[in-house]
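Student: Pasting in a structure now, in structure tokens, and then I'll have a few things to ask.
Bear in mind that the values in this text are calculations on the coordinates, not laboratory data. Bear in mind that the values here come from a model prediction, so they are computed numbers and not experimental data. No Cβ is skipped: glycine too gets one built from the backbone with ideal geometry, and neighbour counts run over all protein chains shown.
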Amino acid sequence: MVKEESPPASSTPPWEAKKLPSSRGLARKIILWGLALGVLGLIIYGLKPRPIEVELAAVRRGPLTVHVMEEGKTRIRNRYVVAAPVTGAMRRVPLKPGAEVKAGETVLTVIEPGIAPLIDARTQAQADARIAAAEAALSQAGQTLEMTRTAARFAQTNWERVRDKATAASISANDRDNIEREALMREREVRAQEFALQVATYELDQAKAALIQMNMPGSTGQPYEVKAPVSGRILRVDQESAMIIAAGTPILEIGDPTDLEIEAEILSRDAVNIRPGAKVSVEQWGGPDPLPATVRLVEPAAFTKVSALGVEEQRVIVLCDLDPAAAKGTTLGDRYRVEVRVAVWHEDDVLQVPAGGLFREGSAWKTFLLDPATSKARNIPVEAGRTDGRWTQVLNGLQVGDRVLLHPPDSVADGSDVVERQ
């Protein structure tokens, strides 16, 4: 048998044979330490606070106008309400709102005399009896007149005979005067009886008038035409259908739609600063551009109005005249909603800052000013004046060219690093 030979024994321990060369171990350590330092650097960089992105605006000088904004409505300056001049049966009004009318020519409606109330048999019998009585009174007055005339002729003849033929010795002066007085009295009685005959005639006509509607229902008299008092257009028809109408009842309303004014209900604390002649900008009326207007009147009395939140407010009506050249061609009508901006204060050269750059801190106004050297935000107090909602007057605390933060977030504090948002 052949005996296998064993490999020669090594003099190096087994644990030392597994060690890597020293150069490879050093490189591996460098790579590991580099990775660790890189991760640590990334962590430190991620934890480092970054500058806050903000919007900036510059302080400037320029004109500033303070406005009062409020909702308003258009209305026709001169309105004419046409009412029924007499009581009667009005025919249906043929015109509709928007129809054009001419003064003294356009017939708005026709009013006919009203129909007398119906009478029953008892009332008719009484009316017939009154007619018979009136006829009898008329006959009696006629006979009395004839008797009076006969007596008057006799008295006049007697007086003429005495006046022409009697001498002073044949009749006394007293008898002569009595005969003359008798003739005059009889003549006056004739005239009085003639008047009595006319009265009896009128009473008969009045008694017969009560039965005219019953006997001749088609005889209603002369109708009355209601014509337009002014030229313009019909704004509203109050009574359109045919009806029995009383005198003074409104029928329709007429006006000129091109003669418009603006009525705005403004809070009394704002109205005290408005003067006649102030410039007004009419907005949100439906067109692309605002319409110019001018304040004509600030009513001297205020009234109480409850707001949508249930708060009682004192408001004043301010009337504004539209510029005729600008309002020409618009489709504005009566009682259209608009918004008015009334100028209450103006200066041509004012140091001003955007209103979004100011904020309240307690009772003081403050702003964040950008320090151009350190790019840090500085919290400084500002004395603010008037504002138009977009720009605010600066009385103290800022200078022209300073840059302030607009609507700074809550994370911005005094000394925070900021950067302008691109």
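Student: Evaluate the relative contact order of the range 121-215 (contact order divided by residue number), counting alpha-carbon pairs under 8 angstrom at least 6 apart; express in whole percent.
Tutor: After rounding, I find 53 percent.
Student: Based only on other Cβ atoms within 10 Å, what is the fewest-to-most ordering of Tyr202, Tyr80?
Tutor: Least to most surrounded, the residues fall as Tyr202, Tyr80.
Student: Determine ³J(HN,Hα), in whole Hz, for all residues of the range 312-329 in sequence, where each value follows from phi through the Karplus function 6.51 cos²θ - 1.76 cosθ + 1.60 and θ = phi - 60°; x replaces Gly and Pro.
Tutor: Once θ is set to phi - 60°, the couplings for the range 312-329 become 7, 10, 9, 10, 10, 7, 10, 9, 10, 9, 6, 5, x, 5, 6, 7, 5, x Hz.
Student: For the chain, calculate the relative contact order in percent as a whole number, restricting contacts to Cα pairs under 8 Å that are 6 or more residues apart.
Tutor: Numbers: 728 pairs, mean separation 113.8, N = 422.
Relative contact order for the chain comes out at 27 percent.
Student: Could you work out how far helix 22-47 tilts from the main Cα principal axis of the chain, as a 0 to 90 degree angle to the nearest 10?
Tutor: Once rounded, the angle reads 20 degrees.
Student: How far apart, in nm, are two points set 7 Å out from the Cα along the Cα-to-Cβ line at Ala133 and at Ile317?
Tutor: Once both label points are built, they end up 5.7 nm from each other.
Student: Rounded, prolate or oblate: which one fits the range 268-414, using the alpha carbon gyration tensor with axes a ≥ b ≥ c (rounded when a/c is under 1.5, else prolate when a/b beats b/c, else oblate)? Don't skip to the end; give the middle numbers.
Tutor: On the way: a/c = 2.47, a/b = 1.98, b/c = 1.25.
Taking the square roots of the gyration eigenvalues as a ≥ b ≥ c, the range 268-414 is prolate.
Student: With each label point set 7 Å from Cα along the Cα-Cβ vector, what nm distance links Met147 and Val39?
Tutor: 15.0
Student: Just one of (1) 0.98; (2) 2.47; (3) 0.94 is Cα Rg over 2.2 N^0.38 Å calculated from these coordinates, so which is it?
Tutor: Checked against the structure: label (2).
Student: To the nearest 10 degrees, how steeply does helix 121-165 sit against the main Cα axis of the chain, on a 0 to 90 scale?
Tutor: Between the helix axis and the principal axis of the chain, the angle is about 50 degrees.
Student: Next up: From Cα pairs below 8 angstrom and at least 6 apart in sequence, can you work out the relative contact order of the range 268-417, rounded to a whole percent?
Tutor: Averaging sequence separation for qualifying contacts and normalising by length gives 19 percent for the range 268-417.
Student: Quote to one decimal, in nm, the extra length available between Val230 and Arg28 on full extension: 0.36 nm per residue of separation minus the C-alpha distance between them.
Tutor: 62.0 nm is the gain from fully extending Val230 to Arg28.
Student: Also, quick follow-up: Quick check on the range 121-215: take the gyration tensor over C-alpha atoms, sort the square-rooted eigenvalues as a ≥ b ≥ c, and tell me if it's rounded (a/c under 1.5), prolate or oblate.
Tutor: prolate
Student: Starting at the first residue of the range 179-195, write each ³J(HN,Hα) from the Karplus equation 6.51 cos²θ - 1.76 cosθ + 1.60 with θ = phi - 60°, in whole Hz, x for Gly and Pro.
Tutor: 5, 5, 5, 4, 5, 5, 5, 5, 5, 5, 5, 5, 5, 5, 6, 5, 5
Student: Subtracting the Cα-Cα distance from 0.36 nm times the residue separation, let me have the gained length for Lys73 to Ala99 in nm, one decimal. Spell out each step's value before the answer.
Tutor: Values: separation 26, 0.36 × 26 = 9.36 nm, distance 2.26 nm.
Answer, rounded to one decimal: 7.1 nm.
Student: Would you mind classifying the range 234-308 by shape? Square roots of the alpha carbon gyration tensor eigenvalues, ordered a ≥ b ≥ c; an a/c under 1.5 is rounded, otherwise it is prolate if a/b is larger than b/c and oblate if not.
Tutor: prolate
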